[in-house]
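**Q** Take this structure, written in structure tokens, and hold onto it; I'll ask about it next.
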Amino acid sequence: AYHIGGIDWLVKAGYAVLMYDYRGYGKSAGQPDREGTLKDMAAALAYVRNRPDVDKNRIIAFGHSLGGAVSLASLGRSGDKSVKAVMTVGTFASYQDMADGLAKGLGRNMVSNDLSPVDLIGGLKVPVLLLHGEDDPVVGVRRAVHPVDGLRGDLGGGGEAEAGVRGPDVVVDRL
């Protein structure tokens, strides 16, 4: 939850936001692992769904970088339709590709690709908005999730896979 500056525009637009840390990240106890991140997201969504002050028909998953990867993988694997949309910013498609980029070609052999977004995104049953900056210094566009990575034009409910939207005001208008 150290990225509060990255979501202040949602709060200013009137949206309620739940931020959480995965096990082993931030101030959360435990050891980080991919399966654990998906379980933590499921627990956060269950918490939100059980709050009486939350309209269950207006829940979206919004994730940046790893948070986007977890959202795409978790909801893609489960086919959960209770979330009405998924929005990601600067999200990578593959753990091995990211490791390769960070370790200059050596990383691919150091990590598995288990639970990578590119492998699970096809199971999404809700609209998806993929955002990525051309000058992202960590997750370059080449390593980003793209609509062709298993998404289809119509994702249920008439939603379309999109990429390239710029600016928080444009995103808020699309919510």
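**Q** Being β-branched (Val, Ile, Thr), in contact with a Phe, Trp or Tyr (Cβ under 7 Å, 6 or more places away or on another chain) and open to solvent by less than 20 Å² (accessible area, probe 1.4 Å) is the requirement here; does Thr37 meet it?
**A** The answer is yes for Thr37.
**Q** Here is a follow-up. Considering every residue within region 121-141, establish whether at least one is over 18 Å from Leu38 (Cα atoms), of a type in the set (A, V, I, L, M, F, W, C) and over 18 Å from the mean Cα position of the chain (by Cα).
**A** no
**Q** Mind counting the residues in region 82-113 that are more than 13 Å from the chain's Cα centre (by Cα) and either among the hydrophobic types (A, V, I, L, M, F, W, C) or more than 12 Å from Val70 (Cα to Cα) (or both)?
**A** Of the residues in that region, 20 qualify.
**Q** Can you spot a residue in region 102-115 that is under 24 Å from Trp9 (Cβ atoms) and either of a type in the set (Phe, Trp, Tyr) or surrounded by 14 or more Cβ atoms within 10 Å (Cβ to Cβ) (or both)?
**A** Narrowing region 102-115 to residues under 24 Å from Trp9 (Cβ atoms): none.
Checked against the condition, which is being under 24 Å from Trp9 (Cβ atoms) and either of a type in the set (Phe, Trp, Tyr) or surrounded by 14 or more Cβ atoms within 10 Å (Cβ to Cβ) (or both), region 102-115 yields no hits at all.
**Q** Also, I was wondering about something else. Which count do you get for residues in region 62-82 that are under 16 Å from Gly123 (Cβ atoms) and either of a type in the set (Phe, Trp, Tyr) or crowded, with 21+ Cβ neighbours inside 10 Å (or both)? So that I can check it myself, show each step before the final result.
**A** Within region 62-82, the first condition is being under 16 Å from Gly123 (Cβ atoms), and the residues that meet it are 68-82.
Okay, now just the ones that are also either of a type in the set (Phe, Trp, Tyr) or crowded, with 21+ Cβ neighbours inside 10 Å (or both), so 68-76.
Adding up the residues that qualify gives 9.
The values are calculated or read from the model by the stated rules, or taken from the named source; none is laboratory data. For clarity, every value in this text was computed on a predicted model and none was experimentally measured. All Cβ positions, even for glycine, are placed from backbone atoms using ideal geometry, and neighbour counts span all protein chains on display. The protein model used for the area step is the full one, side chains on, heavy atoms only, and it has no ligands, DNA or RNA in it. Shrake-Rupley method; radii C 1.70, N 1.55, O 1.52, S 1.80 Å.
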